[in-house]
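**Q** Structure provided below as structure tokens; questions to follow.
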Amino acid sequence: MPRIVTYNVHRCVGTDRRLDVGRVADVLAALEPDIVALQELDVGRARTGGVDQAHEIARRLEMAFHFHPAMTVEEERYGDAILTIRPERKVQVGPLPGYAPVPRLEPRGALWVAIDIDGREVQVINTHLGLVPKEQLRQAEHLAGPGWLGHPDCRDPVILLGDFNATSASPVVRALTRGQSPSLTPARLLSPQQSPTATFPSGMPVLRIDHLFVSDSVSVRDVFAPYTPLTRKASDHLPLVMDFDLA
């Protein structure tokens, strides 16, 4: 049964304020995922020792990876990645729109990789939305539009996941699940297990702001946020895990 994980790693700085890329890799290794979507990775940034965090985590997990820098300042980059042990190909990357009335917002982006699961290609899109509600909604509508979820190549099965900075009842979730093709549903609503799925803050998780959305052919077996001594420290978010089959 394939397993996919979305995880905001907070540039690999834990709740104890310790920078530890290996600790984040250990969290993921213990979960034994097939696919990993990561947000808030530093690549070559002075504040985190110049390490290419995407490459280092992928190396430790023995996975292929694609990284998309939502922000680039000279040689320093910051963004999101998709890692996998399965055959894969990058489809596209790109920025998400900002919100002009609020200047100097952190740039946001999305990354789309097609991954082969037992002979079927799954379209996996990883993103990290902004903090301002109107900005989030613009970004969600952009993802729901013809360049991403509405793209002719974005066919079922599809998994959209990441840190949306928005709760389950928000306009953002409604914008992503209101009947576009392919039709998406929050994975936790389809899970027969009803496991805890709050991810933030990791020390005492009360908010569901990390999400997985799935199309019709993705059969959800479980969605859960592992709450262990290691996950509570490694980042300010818990990872969110989904076990699934393809119908």
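**Q** With respect to ILE35, determine if the residue is more than 19 Å from ILE209 (Cβ to Cβ) and under 14 Å from the mean Cα position of the chain (by Cα).
**A** It is true that ILE35 is more than 19 Å from ILE209 (Cβ to Cβ) and under 14 Å from the mean Cα position of the chain (by Cα).
**Q** How many residues does the range 98-125 hold that are charged (D, E, K, R), free of Cβ contacts under 8 Å to residues at least 60 places away in the same chain and open to solvent by 60 Å² or more (accessible area, probe 1.4 Å)?
**A** Counting residues in the range 98-125 that are charged (D, E, K, R), free of Cβ contacts under 8 Å to residues at least 60 places away in the same chain and open to solvent by 60 Å² or more (accessible area, probe 1.4 Å) gives 3.
**Q** Looking at ASP222, ASP210 in this structure, which one is among the charged types (D, E, K, R), within 20 Å of ALA144 (Cβ to Cβ) and either open to solvent by 20 Å² or more (accessible area, probe 1.4 Å) or at pLDDT 95 or above (or both)?
**A** Selected residue: ASP210, the only one of ASP222, ASP210 that is among the charged types (D, E, K, R), within 20 Å of ALA144 (Cβ to Cβ) and either open to solvent by 20 Å² or more (accessible area, probe 1.4 Å) or at pLDDT 95 or above (or both).
**Q** In the range 63-94, how many are over 15 Å from the mean Cα position of the chain (by Cα), part of a strand (DSSP E or B) and of a type outside the set (Gly, Ala, Ser)?
**A** 10
**Q** Hey, any hits in the range 183-196 for a residue that's of a type in the set (S, T, N, Q), more than 21 Å from PRO2 (Cβ to Cβ) and surrounded by fewer than 14 Cβ atoms within 10 Å (Cβ to Cβ)?
**A** Looking through the range 183-196, none of the residues is of a type in the set (S, T, N, Q), more than 21 Å from PRO2 (Cβ to Cβ) and surrounded by fewer than 14 Cβ atoms within 10 Å (Cβ to Cβ).
**Q** Going through the range 21-51 one residue at a time, which ones are open to solvent by 40 Å² or more (accessible area, probe 1.4 Å), assigned to a loop (DSSP other than H, G, I, E, B) and in contact (Cβ under 8 Å) with a residue 24 or more places away in the chain?
**A** So in the range 21-51, the residues open to solvent by 40 Å² or more (accessible area, probe 1.4 Å) come out as 26, 29-30, 32, 46-47, 49-51.
So of that shortlist, the ones also assigned to a loop (DSSP other than H, G, I, E, B) come out as 32, 49-51.
Correct list: GLU32, GLY49, VAL51.
**Q** Something else about it: Residue pairs, Cβ under 6 Å, 6 or more apart or interchain, first in the range 64-92 and over 19 Å from ILE159 (Cβ atoms), second buried (at least 20 other Cβ atoms within 10 Å of the Cβ) and among the acidic types (Asp, Glu). List them.
**A** TYR78/ASP42
The values are calculated or read from the model by the stated rules, or taken from the named source; none is laboratory data. Quick caveat, the model's predicted, so the values are computed rather than measured. Virtual Cβ from ideal backbone geometry, glycine too; neighbours counted across all protein chains shown. Calculation scope for accessible area: heavy atoms of the full protein, side chains included, ligands and nucleic acids excluded. Shrake-Rupley method; radii C 1.70, N 1.55, O 1.52, S 1.80 Å.
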